[in-house]
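For reference, the structure discussed in these notes is given below.
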């Protein structure tokens, strides 16, 4: 039996299921969802079929280890975060789709469908994501026996720091995808499910992995291609939103489970293990206030790391007379500890740009760190795990050159305050830093970390954020009565 939306919004168990027992997080989420529902009632309830309303939750992610490894077939360890987008959506009774941001300063995106092509009428912040989602979805649905898209009304609200490096753009893409596919009866249509699984197999995925949802796994890779514009099996891509990244964000967002970290390998996506940090320890995250947003300049820096990796593959193939597609495939005859040096010296001696040698070196060292971290977590050696996190940060700073001074300060300050390990993460060039700390020290640690940072960078007062980050559940979708 479907629940009444207001009963669900007021149910503590709903928030516990998604975010865990932290009361501060629960209170924040309840306020967010109440605000979204109030706006939906005021603006859209009379314009939709209220007997079929959907609640959507799409979380963010923290990259624990695996800096710029996923799109070269490497591993990552990711945490599904407590920051998220909520959306309330339903089929529209009129001829336009409206996606209203609960923040009035960010505007409303209005789309109208004309002969299979979405036309943007009013631009809200993030409208390019909505347009990208709708265009690709409509193109991929055409001729597949699935119904054409009908218009929807939605209110969405988010607390993911904009440009924070915690996958806010990926969360927005996935949120928009659910806003359109859920009310249109596409998301759980068996024909669409089969389309994802069949094309996942064509993309080389192992879709029957034990303990992994066989639909959400290929769906995560498919949605990653909404951003990088690549084809997914027979489903043709478009230009995407301009970033040449991989699938780690989308895997964490769709497949995350409470209280666990996710170890994955990519190209294609493979879930290797679910890991647990010892209960006495916790991840906390600081958003620096310096945006790692994908402006033209920042996107060029981000995409340069991707291009350098691809160029390194081409040069290594020429040197070794091979035809490997990814950095992952080289030097498998060597131990994990030997591969980074081998790649560095081959590329350096080829008289190519030093940046290619450094990029390949970082990739292989990061994989080495991840393999060691896996052992330390399983053996309960939390101090070793912390030192590996620190090493990852240092290598990223030296070889990727994507750690800005604010993030480096946060990393060092957290260690001075007693963190076992800390690192910047994500695409870099701004964003966030996480720290691994004893659970009993959370309150004092966050206060002192914030004080130290804002003393050094007072310009981020009121912008920087310091939060507890328990591993949370992935995407949630439920049909309710409005």
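List of remarks:
- There is at least one residue in segment 256-263 that is assigned to a strand (DSSP E or B), within 17 Å of the chain's Cα centre (by Cα), farther than 18 Å from residue 166 by Cβ and at pLDDT 95 or above.
- Among the numbered conditions (1) surrounded by 18 or more Cβ atoms within 10 Å (Cβ to Cβ); (2) out of contact with any strand residue (DSSP E or B) (no Cβ under 8 Å at 6 or more places or on another chain); (3) at pLDDT below 95, the only one that residue 277 does not meet is (2).
- When residue 17 is tested against (1) within 15 Å of residue 81 (Cα to Cα); (2) in a strand (DSSP E or B), exactly one condition is not met: (2).
- Selected residue [out of contact with any helix residue (DSSP H, G or I) (no Cβ under 8 Å at 6 or more places or on another chain), farther than 30 Å from residue 41 by Cα and part of a helix (DSSP H, G or I)] from 396, 414, 450: 450
- Flag if residue 14 is touching a helix residue (DSSP H, G or I) at 6+ places or on another chain (Cβ under 7 Å) and over 24 Å from residue 100 (Cα atoms): no
- Segment 103-126, subset buried (at least 21 other Cβ atoms within 10 Å of the Cβ) and within 23 Å of the chain's Cα centre (by Cα), residue modelled with the lowest pLDDT: 126
- Those residues of segment 332-352 which are touching a residue at least 24 places away in the same chain (Cβ under 8 Å) and either surrounded by fewer than 22 Cβ atoms within 10 Å (Cβ to Cβ) or not in a helix (DSSP H, G or I) (or both), in sequence order: 336, 337, 346, 350, 352
- Restricting segment 455-482 to residues that are without any contact (Cβ under 8 Å) to a residue 40 or more places away in the chain and more than 27 Å from the chain's Cα centre (by Cα), the residue that is nearest to residue 175 (Cα to Cα): 458
- Failed condition for residue 141, given (1) buried (at least 18 other Cβ atoms within 10 Å of the Cβ); (2) closer than 17 Å to residue 175 by Cβ; (3) touching a helix residue (DSSP H, G or I) at 6+ places or on another chain (Cβ under 9 Å): (2)
- Any hit, segment 71-87, residues being touching a residue at least 40 places away in the same chain (Cβ under 8 Å), touching a strand residue (DSSP E or B) at 6+ places or on another chain (Cβ under 7 Å) and surrounded by fewer than 17 Cβ atoms within 10 Å (Cβ to Cβ): no
The values are calculated or read from the model by the stated rules, or taken from the named source; none is laboratory data. Predicted model, so just to flag it, every value in this text is computed and none were measured. Here the Cβ is made from the backbone with ideal geometry for all residues, glycine too, and neighbour counts use every protein chain on show.
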